[in-house]
Amino acid sequence: MSISFDRLRSILFDERASGTLTDIPSEFYQNVHEEIERMYRALYDSGDPLSEETQDMIRQIESIKSFLQEIFAIRTSRIIELATAKANGDMIDREMMRLMTSEERLLFDNVSQAVSHARSTMVELHIRRKTPVIEEKVEEEAGEVITPQEVTPVRITTPVEQFMGYDGRTYSLLPGDIVVLPRPNADVLCNRNIALNTRIRK
């Protein structure tokens, strides 16, 4: 189903005025493209490319494209901000997830996974490399050998409540998320069929 010019303009005004995602049709982007295609067909069928009616239609098509571009820019900026927050361990309101279209949810998942991966390599890996120095002091005081904290990449397969990891981080995960967890946490989730170990075994 296509979307009218007035409806699209109304959505844009709502997005500009709101500080968060607004409720748009689940097939919003497809509907807009269908409307543009419909208008192009009407334009080609008009027969007179120089008529005032044809020129008005051309201007309206360009306006629709401009509206779509601005809506995309506003919404993707907010989605990227939410995805980054999730990758850094923040809780994301499930209502915000519901307000995303399927294309936007894919963007959210990809950004969240990319930031999570970057964090694990640029932040957590650095911490793990420094850990043995700290553990040597603990070994001297307690007389016990403590090995560096190992991690395991897993993919979440079923819903799981927020939990505190052995690394001190709070994890809020959704099915389909791929995340690097401390091995004890990963083992528990895998044993309970909540996650799958994605480590490549040689």
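The values are calculated or read from the model by the stated rules, or taken from the named source; none is laboratory data. Predicted model, so just to flag it, every value in this text is computed and none were measured. We place every Cβ from the backbone using ideal geometry, glycine too, and count neighbours over all the protein chains shown.
Based on what the data block shows, is ILE36 in contact (Cβ under 8 Å) with a residue 12 or more places away in the chain, in a helix (DSSP H, G or I), within 20 Å of ILE11 (Cα to Cα) and of a type outside the set (Ser, Thr, Tyr)?
Here the answer is yes, as ILE36 does meet what is asked.
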Within region 86-105, identify whether any single residue is within 23 Å of GLN162 (Cβ to Cβ) and in contact with a Gly (Cβ under 8 Å, 6 or more places away or on another chain), and answer yes or no. no
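Being modelled with pLDDT under 85, touching a Ser or Thr at 6+ places or on another chain (Cβ under 7 Å) and either in the same structural domain as ASP90 (by TED's automatic domain parsing) or not in a helix (DSSP H, G or I) (or both): is that true of PRO148 here?
So PRO148 passes the test.
Return the residue satisfying two criteria in turn: it lies in region 1-33 and is outside any helix (DSSP H, G or I) and hydroxyl-bearing (Ser, Thr, Tyr), and of such residues it is farthest from the chain's Cα centre (by Cα). Steps first, answer last, please.
Step one: filter region 1-33 for residues outside any helix (DSSP H, G or I), giving 1-4, 18-27.
Then drop every residue that is not hydroxyl-bearing (Ser, Thr, Tyr), which leaves 2, 4, 18, 20, 22, 26.
Details: SER2: 26, SER4: 28, SER18: 20, THR20: 15, THR22: 16, SER26: 16 Å.
Among them, the one singled out is SER4.
A quick yes/no check of all residues on (1) in the same structural domain as THR121 (by TED's automatic domain parsing); (2) crowded, with 17+ Cβ neighbours inside 10 Å; (3) modelled with pLDDT under 95:
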{"residue": "THR20", "(1), (2), (3)": "yes, no, yes"}
{"residue": "SER26", "(1), (2), (3)": "yes, no, yes"}
{"residue": "GLU35", "(1), (2), (3)": "yes, yes, yes"}
{"residue": "SER46", "(1), (2), (3)": "yes, no, yes"}
{"residue": "THR54", "(1), (2), (3)": "yes, no, yes"}
{"residue": "ARG59", "(1), (2), (3)": "yes, no, yes"}
{"residue": "SER77", "(1), (2), (3)": "yes, no, no"}
{"residue": "GLU95", "(1), (2), (3)": "yes, no, yes"}
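Out of GLU124, GLU104, I need the residue that is surrounded by 15 or more Cβ atoms within 10 Å (Cβ to Cβ) and at pLDDT below 75. Which one?
Working: GLU104 fails: at pLDDT below 75.
Among GLU124, GLU104, only GLU124 is surrounded by 15 or more Cβ atoms within 10 Å (Cβ to Cβ) and at pLDDT below 75.
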